[in-house]
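Data first, discussion second: the structure below is written as structure tokens.
Derivation of every value follows stated rules applied to the coordinates shown; laboratory data play no part. Note that this is a predicted model, so its numbers are computed, not measured. Reconstructed Cβ throughout: ideal geometry from the backbone, glycine too, with neighbour counts over all protein chains shown.
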Amino acid sequence: MTDLIVVPQATEWRRLKALVLDSVSSPITKRVYNLGLDEFFAWYGEEPRPGFTKATVSAWRVALEARGLGAVSINVRITAVRKLAVEAADNGLLAPELASGITRVKGVASKGVRLGNWLTVRQAQTLLNTPDATTTKGLRDRAILAVLLGCGLRRSEVAALTFGHVQQRDGRWCIVDLRGKHGRVRTVPMPTWVKVAIDAWAAVAAITDGPVFRPVTRGDQVQTAALSEKVVWQLLQPYAAAAGVPGIAPHDCRRYAECRIMPKRRLDLRFGG
């Protein structure tokens, strides 16, 4: 039993795909898995294949490498196909020994490769000071950049941040009981300069509870709803370009916060000048 559920069994394919997507909680991971599985099935149907086997999945990995994809992009696609094999076996559509072989297909090693964009202290400082702090929106955006650079939050966590999360612990400001990826709850230290940026925004916006970051109209009016994670990504782009680091993403700021450039998360960035 090596046949894969492709066009002749489209209903089974959609069902198995749904099972794979339901096995992950992160919306971003769901989106990536969905893309990876669609790509795999499109590739599988391009020409006759020997079946859904370890050799076929290994050939898929070679095809991904030939496209010049990075190790992370390849590995997440391979992971999605491994999960597909497990679901197919669990539903009696693939022999368990074949599924076991597919789950042993190795990903691409990324050892020694520095992935993504890595900001220097100077670049981070320039980025932080790019928003116009004379406007309400500029103060909000500067506070968002401060949280990204100083606390290393994901964009979804930035969007979900509330004033209730910001508390003092042993005389230090922290983001407490933050629910992140896979539902994990953690406490994140908050540098003083990040708290200063949040306080400056909150004072002008006249908000003390609820979502920390909210939409601001063109007339500088603060709305009550929380900012979406998509907006967090979008607002970063023009500031990054103006700071001379175009193309960076919120996760690059997270990487900066966690790298050696910021030992013990105490790098003292400054506002203005």
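For the range 107-258, the relative contact order is 31 percent, taking Cα pairs closer than 8 Å that sit 6 or more residues apart in sequence and dividing their mean separation by the residue count. Restricting attention to the chain, the count of lysine pairs at 8 or more positions apart or across chains with alpha carbons under 21 Å apart stands at 14. Would you work out which of 245, 29, 48 lies farthest towards the positive end of the dipole of the chain? Charges go on Cβ: Lys and Arg +1, Asp and Glu -1. Farthest towards the positive end: 245.
Residues considered: 101, 247, 219. Largest GNM mean-square fluctuation over the chain, using C-alpha springs under 10 Å, is found at 219. Neighbour counting of Cβ atoms within 10 Å sorts the residues 251, 165, 182, fewest neighbours leading, into 182, 251, 165. Each of 256, 178, 135 was placed along the dipole of the chain (beta-carbon charges, centred on the mean Cα), and the one lying farthest toward the positive end is 256. For the chain, with a Gaussian network of springs between Cα atoms less than 10 Å apart, report the residue from 28, 198, 74 with the top mean-square fluctuation. Residue with maximal mean-square fluctuation among 28, 198, 74: 28. In the chain, helical runs assigned H by DSSP with n ≥ 4 each contribute -39500 (n - 2.57); averaged across all residues and rounded to the nearest 500, the mean residue ellipticity at 222 nm is -16000 deg cm²/dmol. Note on the chain: with charges restricted to the Cβ of Lys and Arg (+1) and Asp and Glu (-1), its dipole about the Cα centre is near 800 debye. Close amide H partners of residue 162, meaning residues 5 or more places away or on another chain with modelled amide H under 5 Å apart, are 212. By other beta-carbon atoms within 10 Å, ranking 253, 151 with the fewest at the front produces 151, 253.
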